[in-house]
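The block underneath contains the structure these notes are about, expressed in structure tokens.
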């Protein structure tokens with residue numbers, strides 16, 4: 001897990017400025033969902049709630065595409081649903097930003 005204390009954004013002069021609100025972003029990298037892979041399960045819960053559209057899923061090291069007509073969708077802010085059930089021998093890893 002990586003935590004960044006203050007978000008920075010680009011200003012019109014090309015430099016970076018601190019977010020005046022002092023937003024804290026926490027990223028989860030490498031959360032292993034593989035234990036749920038069994039060839040029939042398509043729904044996988046995350047340990048933490050995630051911010052919408054921040055998930056990055058990797059099956060056997062290959063990036064999966066998010067979206068209804070793609071490889072997976074986000075279900076609320078605590079789970080993903082794969083388009084097809086990963087086999088028990090598959091590795092399923094997720095990265096995301098924790099919902100704050």
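The values are calculated or read from the model by the stated rules, or taken from the named source; none is laboratory data. Quick caveat: nothing in here was measured; it's all calculated off a predicted structure. Because the Cβ atoms are built from the backbone with ideal geometry, glycine has one as well, and the counts that use them run over all protein chains shown.
Looking for something modelled with pLDDT under 95, under 16 Å from residue 99 (Cβ atoms) and in a loop (DSSP other than H, G, I, E, B) - is there at least one such residue anywhere in region 25-37?
No: zero hits.
Given the options 44, 58, 50, name the one that is modelled with pLDDT of 95 or more, in contact with a helix residue (DSSP H, G or I) (Cβ under 7 Å, 6 or more places away or on another chain) and surrounded by 14 or more Cβ atoms within 10 Å (Cβ to Cβ).
On inspection, the qualifying residue turns out to be 44.
So in region 70-100, with the set limited to residues that are in contact with a helix residue (DSSP H, G or I) (Cβ under 9 Å, 6 or more places away or on another chain) and assigned to a strand (DSSP E or B), which one is farthest from residue 54 (Cα to Cα)?
Restricting to residues being in contact with a helix residue (DSSP H, G or I) (Cβ under 9 Å, 6 or more places away or on another chain) and assigned to a strand (DSSP E or B), the top hit is 92.
Take residue 78 and tell me if it is closer than 27 Å to residue 24 by Cβ and touching a residue at least 24 places away in the same chain (Cβ under 8 Å). Write out each step before concluding.
On the way: closer than 27 Å to residue 24 by Cβ: yes; touching a residue at least 24 places away in the same chain (Cβ under 8 Å): yes.
So residue 78 passes the test.
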